[in-house]
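This report concerns only the one structure given below.
The values are calculated or read from the model by the stated rules, or taken from the named source; none is laboratory data. Quick caveat, the model's predicted, so the values are computed rather than measured. FYI the Cβ positions are ideal-geometry reconstructions off the backbone, even for glycines, and counts take in every protein chain you see.
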């Protein structure tokens, strides 16, 4: 159905202050009462949903894990033998091989453009996190990306993992490669 970005913060963190700081980046959160996720959190944490009129489909967070890297496999001998058994002529097989190689090159170029292109959404998140940590608005925040089939408050999400990342080590690349259903705990440098 849709991607939504949710977050985990300490209950001591002021949601109002965090949202005030996020106005510049158009990032704000509301409390999210999803009991399935909350049961997987620490007692000191609260679960939030990114506030917005729409879903987060099209977010650059995790886009490189959603976008398949190109199939760079070359044509193997067994592929050719299979086509020969089907009765393909030598010229038809050569055209197929040429088309296959063009397709691989096209996929490779498209993926590299995506990977090396401008990532304004990911940049915006980086700026937001850096400002929030530098202003002391939070000591940590966890981001969770999930493809929802239902409502954010009732979706049965199984958190697969938690990964701790120091704010000083957080990069655009990490955000672009986020995996779904993993909480990325971004913490201040201690």
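Just one of the listed residues (142, 136, 150) is surrounded by 14 or more Cβ atoms within 10 Å (Cβ to Cβ) and farther than 14 Å from residue 59 by Cβ, and it is 142. Remark: residue 68 matches the filter, which requires a residue to be closer than 25 Å to residue 170 by Cα, loosely packed, with under 12 Cβ neighbours inside 10 Å and either out of contact with any strand residue (DSSP E or B) (no Cβ under 8 Å at 6 or more places or on another chain) or at pLDDT 85 or above (or both).
One residue is enough: does region 71-85 have a residue meeting the conditions in a loop (DSSP other than H, G, I, E, B), at negative phi, modelled with pLDDT under 85 and under 25 Å from the mean Cα position of the chain (by Cα)?
Start the filter on region 71-85 by keeping residues that are in a loop (DSSP other than H, G, I, E, B), which leaves 71-76.
This time we only want the ones that are at negative phi, so: 71-76.
So of that shortlist, the ones also modelled with pLDDT under 85 come out as 71-76.
From the residues that got through so far, the ones that are under 25 Å from the mean Cα position of the chain (by Cα) too are 71-72.
Yes, region 71-85 contains a residue that is in a loop (DSSP other than H, G, I, E, B), at negative phi, modelled with pLDDT under 85 and under 25 Å from the mean Cα position of the chain (by Cα).
Kindly indicate whether residue 98 is exposed (fewer than 13 other Cβ atoms within 10 Å of the Cβ) and in the same structural domain as residue 12 (by TED's automatic domain parsing). It is false that residue 98 is exposed (fewer than 13 other Cβ atoms within 10 Å of the Cβ) and in the same structural domain as residue 12 (by TED's automatic domain parsing). Screening the candidates 86, 164 for the property of being farther than 25 Å from residue 51 by Cβ and free of Cβ contacts under 8 Å to residues at least 12 places away in the same chain yields one hit, 86.
Where strands (runs of 3 or more DSSP E) fall entirely within region 87-190, those with at least 3 residues that are within 25 Å of residue 15 (Cβ to Cβ), at pLDDT 90 or above and within 14 Å of the chain's Cα centre (by Cα) are at 140-148, 182-187.
Here residue 177 clears all of (1) within 24 Å of residue 52 (Cα to Cα); (2) touching a strand residue (DSSP E or B) at 6+ places or on another chain (Cβ under 7 Å) except the condition numbered (2). I need the full set of residues from region 25-50 which are within 25 Å of residue 121 (Cα to Cα) and either assigned to a loop (DSSP other than H, G, I, E, B) or without any contact (Cβ under 8 Å) to a residue 60 or more places away in the chain (or both), in order please. The answer is 26, 27, 28, 29, 30, 31, 32, 46, 47, 48, 50. If you go through region 10-27 and keep only what is buried (at least 17 other Cβ atoms within 10 Å of the Cβ) and in contact with a helix residue (DSSP H, G or I) (Cβ under 7 Å, 6 or more places away or on another chain), you end up with 18, 21, 22, 27.
Identify the residue in region 1-14 that is closer than 25 Å to residue 150 by Cβ and modelled with pLDDT of 90 or more and, among all such residues, is farthest from the chain's Cα centre (by Cα). Walk me through how you get there before you give the answer.
Taking region 1-14 and keeping what is closer than 25 Å to residue 150 by Cβ, we get 1-9.
Now narrow it down to the ones that are modelled with pLDDT of 90 or more: 6-9.
On the way: 6: 12, 7: 13, 8: 16, 9: 19 Å.
Residue satisfying both the conditions and the ranking: 9.
Any residue that is within 13 Å of residue 152 (Cα to Cα) and surrounded by 15 or more Cβ atoms within 10 Å (Cβ to Cβ) - is there at least one of those in region 53-64? Looking through region 53-64, at least one residue is within 13 Å of residue 152 (Cα to Cα) and surrounded by 15 or more Cβ atoms within 10 Å (Cβ to Cβ).
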